[in-house]
Amino acid sequence: MPFVKDIENYKSLSIIGLEKNTGKTECLNYVLSRLSDSGKTIALTSIGIDGENKDQVKQTHKPEIDVYQGMIFVTSELHYKSRKLVSEILDVSKQSTSLGRLVTAKAITTDKVMISGPANNAGLIDIISNMSNFGVDITIVDGALSRKSLASPTVTEAIILATGAALSSNITQLVFKTKYVYDLIALSETENQTKEILFNIRDGIWAIDNNNNITDLNISSVMMIERVKDRLFEAGNRIYVSGAITDNFLNFLKNQKQIKETEIIVRDFTRIFAQPEVFYSYIKRGGKIKVLQKTKLVAITINPVSPDGYILNSEELKKALEEKLGLPVYDVKKITN
């Protein structure tokens, strides 16, 4: 089956939607159904709430989440009580959410479940780590809108990206927006010998010289750049930013005389909050961006149907994305039908 075999190479996977109603839950159900007879022990959780049968904003129908016999799932006490399947409780976490403590259970029968997991990435990392106690081979995380940080390789080893008509009714614009996220995911890892040291630095902006010496520039974040711009390049043209990258920072850098020698290093692609036009302008001027840790992209899926009622041509959208990205794109509904 398309891309499912690739999932089996990882211990954890998150499914990220570029917009609400881009087919994330449909993709999740496809993956779960194909993995249900893989011989692997599968666990499922979520950031926030998922699995409800109606979109709370658009009031449109949403597919519920199917959990198969033998799978392990993590959800809140409230939603555990409303499950439709028979299950065995394995653990009740000390982690608590607004919907109660988190319950880890094993499905005895196959049916639908509403999944509501930890409220933050730290809680999610703990849940994934704990899955080894139950013999889990792959933990799948159902992502949430505007939680790009979930795609960080420090949370899950790999991701599936779901895009579609809800992101834009115009195929050209949809492809442009999707390609931007793809280009961020595709950023190269730095080959810097100081990678391990940089990975342990959590604060501030640092410079790396040609001999791989690291200097603390005593700049807490890119927000201060206008006040300290004269210090930025005093110890080298390679700059490690432990926090976020913004439009203002890239706009400042692209106008510097050493732009073609400038290399920005970030922890991973989720730290880049620049608009696509600003990002591409910085790259076009000769600036470089690398990551300490690269995200592994398993697949890109599409949902050509918008909750507002318009429907894009699935084949046209698929072809346009594949030509621009240079990799296969899947309409999960067409695979499953």
Would you work out if the stretch 195-291 is rounded, prolate or oblate? Take a ≥ b ≥ c from the square roots of the eigenvalues of the alpha-carbon gyration tensor; rounded if a/c is under 1.5, else prolate when a/b is larger than b/c, oblate otherwise. rounded
Amide proton proximity set for Asp331, modelled H, under 5 Å, gap of 5+: Ile302
Farthest toward positive dipole pole in the chain [+1 Lys/Arg, -1 Asp/Glu at C-beta], among Thr262, Gly164, Gln69: Thr262
Return one number: the angle in degrees, 0 to 90 and rounded to the nearest 10, between the long axis of the Cα atoms of helix 314-325 and the longest principal axis of the Cα atoms of the chain. 30 degrees
Are any of the pairs Lys254/Lys319; Lys11/Lys319; Lys20/Lys333; Lys296/Lys334; Lys195/Lys319; Lys24/Lys294 more than 27 Å apart by Cα-Cα distance, and if so, which? Lys254/Lys319; Lys11/Lys319; Lys195/Lys319
How big is the charge dipole of the chain about its Cα centre, in debye rounded to the nearest 20, if each Lys and Arg gets +1 on its Cβ and each Asp and Glu gets -1 on its Cβ? 380 debye
Run the numbers on the stretch 201-315 and let me know its relative contact order in percent, using alpha-carbon pairs under 8 Å that are six or more apart. 21 percent
Phi to ³J(HN,Hα) by Karplus 6.51 cos²θ - 1.76 cosθ + 1.60 over the stretch 220-225, Hz, x for Gly, Pro: 6, 7, 5, 5, 8, 4
Under 8 Å for C-alpha pairs, at least 6 residues apart: give me the relative contact order for the chain, rounded to a whole percent. 20 percent
Counting Lys and Arg as +1 and Asp and Glu as -1, what is the net charge of the other residues whose Cβ lies under 12 Å from the Cβ of Asn210? -2
Assigned charges on the beta-carbon of Lys, Arg, Asp, Glu; the stretch 195-291 dipole about Cα centre (debye): 260 debye
Sort the following peptides by mean Cβ neighbour count (other Cβ atoms within 10 Å, averaged over residues), highest first: 160-166, 250-256. 160-166, 250-256
Of Asn313, Asn211, Asn303, the most mobile residue in a GNM of the chain (C-alpha springs, cutoff 10 Å) is Asn211
Positive-end residue, the stretch 195-291 charge dipole about Cα centroid, Cβ charges, pick of Ser221, Ser281, Val291: Ser281
Of Asn211, Gln193, Ala244, which is farthest towards the positive pole of the stretch 165-261's charge dipole, taken about the Cα centre with +1 and -1 on the beta-carbons of Lys, Arg and Asp, Glu respectively? Ala244
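Treating the beta-carbon of each Lys and Arg as +1 and of each Asp and Glu as -1, no other charges, what is the dipole magnitude of the stretch 119-278 about its Cα centre, to the nearest 20 debye?
Details: 15 positive and 19 negative charges, 96 e Å.
Dipole about the Cα centre, nearest 20: 460 debye.
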Nearest 10 degrees is fine. How inclined is helix 121-130 to the longest principal axis of the chain, computing both from alpha carbons? 60 degrees
Ordering 287-295, 124-132, 72-80 by per-residue average of other C-beta atoms within 10 angstrom, highest first, gives 72-80, 287-295, 124-132
Rounded to the nearest 10, the angle in degrees between the Cα long axis of helix 24-35 and the longest principal axis of the Cα atoms of the chain comes to 60 degrees
Computed from every Cα-Cα pair in the chain, P(r) in 10 Å bins starting at 0 and rounded to whole percents is 5, 24, 29, 23, 14, 4, 0
Mean Cβ-within-10 Å packing, highest first, puts peptides 133-143, 96-106 in the order 133-143, 96-106
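Any read-out appearing in this document is the output of simple, stated calculations on the displayed coordinates, not a laboratory observation. It should be emphasised that the depicted structure is a prediction, and the values quoted were computed from it without experimental measurement. Cβ atoms come from the backbone with ideal geometry, glycine included; neighbour counts cover every protein chain shown.
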